Amino acid sequence: MSQRPPKKNRSGKNASRKKNRSQQPRARAQQQATGTPVTGSTSATSTASTTAKNAGSTSGARPSDRRQARREAAIKKEQQKKQLRLIIGGIAAAVVVAVVLILVNRPSNDGSNIDYGDLAMAPPPIAAAGATPDASPEAGESTSYQGAFLGDPNAPVTFTIYADYQCHFCKQFHEDSYPQIIDDFVRDGQVRIEFREFPALGEGDITSDGNESAQAAEAAICAGEQDKYLEYHDKLYANFGGVNQGTFSNDRLKKFAEELGLDTDAFNECLDSGRYQSAVVQSRDEGRALGISATPMFIIDNGNGEPNVVQQTSSGYDLLRRQIQTAVETAP
Amino acid sequence: MKRLSIVSLVLAIVGAGISGYLTYVHYNLDALVCAGGGCEIVQTSRYSEIMGIPVALMGLLMFLAVIALIVVRDRIEEYAYLANAGIMILLVSSLIYFGYLTYLEANVIHAWCQWCVATSIVAVILFLVEAFRMRDDFRDPDDIPEYA
C-alpha cells in the first residue's frame with residue numbers, strides 16, 4: 001500500500017496554529033505551577049484532554065508528561081465547573097428577565113390602561129333607557145341612533161367614532177390616538193367623544209348570531225344597560241383576535257361580561273334576546289348615509305353646520321390632532 | 001472556524017436579517033409582505049412592543065449579539081468560554097420569549113405572522129446547533145487515564 005501524502009491544509013495556516021496549540025499545555029502547566037490563574041477556553045481544554053490521552057496511551061510516556069496530563073485534566077475540570085456555573089447562573093438571570101418581560105407584556109383581561117379619571121360617561125341612550133321594548137328605536141321616539149358618550153356634554157366639539165371591534169386599525173386607533181385625544185381634548189372639556197357601531201367585517205348577515213362584529217357591538221350596548229359600555233368597549237379591544245376567528249363568539253362575549261363583574265344573567269339575557277340588533281343596524285346605516293365607508297372613521301362636529309368626516313390615516317394621530325384642533329378653534 | 005460554528009453564524013445572520021426586516025416594517029407597515037394578512041395584525045398588536053421598544057428590534061439585537069459572540073469565540077481563544085456562556089444565555093432567554101410570542105399568536109392574537117414564526121424556528125435550530133456544539137465542553141475529563 002502506498003503511503004498517502006499528509007493532507008494539505010486549506011489555508012496553509014493550520015499547521016502553525018496546531019503547532020502553537022501544542023505548546024499551550026506546557027505553558028498552562030507552567031502557569032499552574034507558578035500559581036498564575038488560568039483562563040479557560042474550549043479548544044485549549046480539548047487540547048489538554050488530547051495531550052492527556054496521548055500521554056496515557058503511549059506506553060513510553062515520560063513521567064513529566066503524565067504529571068502534565070493530570071494537571072491539564074484538573075484544569076479542564078475546573079474550567080468545566082466554572083463554565084457550567086456561569087451558564088447556569090446566566091440562564092437563571094435570563095429566565096428572570098424573560099419572565100419579567102412576559103409579565104410586562106401579558107394579555108390584559110381588564111381592558112385598556114386608559115385612565116378615565118372623573119370624566120363624564122354616558123351609556124347609549126337606548127341602553128340607558130333600560131331593556132324595555134319601548135326603548136327600541138322602532139318603537140321609541142328617537143329617530144337617530146346615539147352612542148355612548150365620554151366627556152363634557154357642553155363641549156364645543158363632538159368627535160364621533162365609527163368603528164368595528166374586529167377591525168385592527170380600529171384597535172390601533174383605540175391604543176394610539178384615542179388615549180391622546182382624551183388627554184389633549186376631552187379632559188379639558190373641549191371635545192366630547194361619541195361611540196357608534198359600524199359592524200363591517202363580520203361574516204354573514206348583520207343580524208345573525210354568527211356575525212362577530214355585530215354581536216360584539218350588541219354586547220357593548222348590553223353592557224351599557226349596566227352602565228359599563230366603555231369598560232366593555234375597552235375589553236373588546238383588549239381581547240382583539242383577528243377577524244372572524246371566534247374571538248367574539250357569544251360564549252366569549254358572555255365571559256368578558258363575567259370578568260368585568262357585570263350581572264351575567266341580565267347581560268346574557270340581553271345578548272341572547274338580540275334586542276339591540278336593530279340599533280346596531282341603524283347605527284351602521286346612518287353612518288353610511290353620512291359618508292362612513294370604512295373603519296375607523298370619524299365625524300368632527302363643532303356645530304358650524306358642516307361636520308367633517310375624516311379617516312384614520314397612516315400619519316397616525318398628528319393629522320387627526322390638527323383636524324380636531326381646527327374644529328375647536330373655529331367652533332362658533 | 002469549525003463547521004458547526006459556521007452553521008451557527010449563518011443561522012444567526014438569517015435570524016438577524018428577518019428580525020431586521022420586521023423591525024423596519026414595524027415603522028413602515030406599507031413595506032410588509034405577508035400572505036394572509038396575519039403579519040399586519042401581529043405587527044400592530046400591543047404585544048409587538050415592550051415598553052415602547054419593538055420586540056423585533058430586541059430580536060435583531062439578540063441575533064447581532066450572538067453573531068458578535070461567535071466571532072469573539074473564534075478569534076479570541078481566552079474568551080471563548082465566556083462567549084459560549086453568553087450565546088447560551090441569550091438563546092435560552094430568547095427561546096422563552098419566542099415561545100411566549102408563539103403562544104400569543106395562537107391563543108390571544110389569533111393571527112400568524114410567518115416572519116415571526118420563521119425567526120422562532122431559526123432561534124430553535126440555532127440553540128440546538130449550539131447545544132450540540134457545546135457537548136464537547138462538558139465531556140467528562142475522567143475518561144482521561146489516571147497514572148500512578
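The values are calculated or read from the model by the stated rules, or taken from the named source; none is laboratory data. Everything numeric in this text was worked out from a predicted model, so none of it was measured. Cβ: placed from backbone, ideal geometry, glycine included. Neighbour counts: every protein chain shown. To get the accessible areas, we keep the full protein, side chains included, count just its heavy atoms, and leave off ligands, DNA and RNA. Shrake-Rupley method; radii C 1.70, N 1.55, O 1.52, S 1.80 Å.
So for the range A:121-329: antiparallel DSSP bridges make up what percent, rounded to the nearest 5? Don't skip to the answer; put the middle values down first.
On the way: 14 of 21 bridges.
Given both bridge residues lie in the range A:121-329, the antiparallel proportion sits at roughly 65 percent.
Fully extending the segment from A:Lys255 to A:Gln180, taken as 0.36 nm per residue of separation minus the present Cα-Cα distance, adds 24.1 nm. Entry note, chain B: relative contact order of 34 percent, from Cα contacts under 8 Å with a spacing of 6+ residues. If you take the Cα centroid of the range A:219-293 and the Cα centroid of the range A:140-189, the two points sit 16 Å apart.
Please list the three semi-axes, largest first and in whole Å, of the ellipsoid equivalent to the range A:205-308, using sqrt of 5 times the eigenvalues of its alpha carbon gyration tensor. Working shown, then result.
Values: eigenvalues 131, 47, 38 Å².
Equivalent-ellipsoid dimensions as semi-axes: 26, 15, 14 Å.
In the range A:121-329, how does Rg compare with the Kirkwood Rh, expressed as the Rg/Rh ratio over alpha carbon atoms?
Details: Rg = 16.1 Å, Rh = 17.0 Å.
Looking at the range A:121-329, the ratio lands at 0.95.
Roughly how many nanometres apart are two label points built 7 Å out from the Cα toward the Cβ at A:Asp118 and A:Asp272? A separation of 4.2 nm, rounded to one decimal place.
A 1.4 Å probe run over the protein chains yields, for the range A:205-332, 41 Å² of accessible area per residue, whole-number rounding. Accessible surface ranking for B:Glu78, A:Glu218, A:Glu286, A:Glu175, 1.4 angstrom probe, highest first: B:Glu78, A:Glu175, A:Glu286, A:Glu218.
Is chain B rounded, prolate or oblate when judged by the Cα gyration tensor, a ≥ b ≥ c being the square roots of its eigenvalues, rounded requiring a/c under 1.5 and prolate requiring a/b larger than b/c? Before the final figure, lay out the partial values.
Numbers: a/c = 2.91, a/b = 2.32, b/c = 1.25.
Cα axes put chain B in the prolate bin.
The Cβ shell under 9 Å around B:Cys113 holds other residues with a net charge of -2, Lys and Arg each +1, Asp and Glu each -1.
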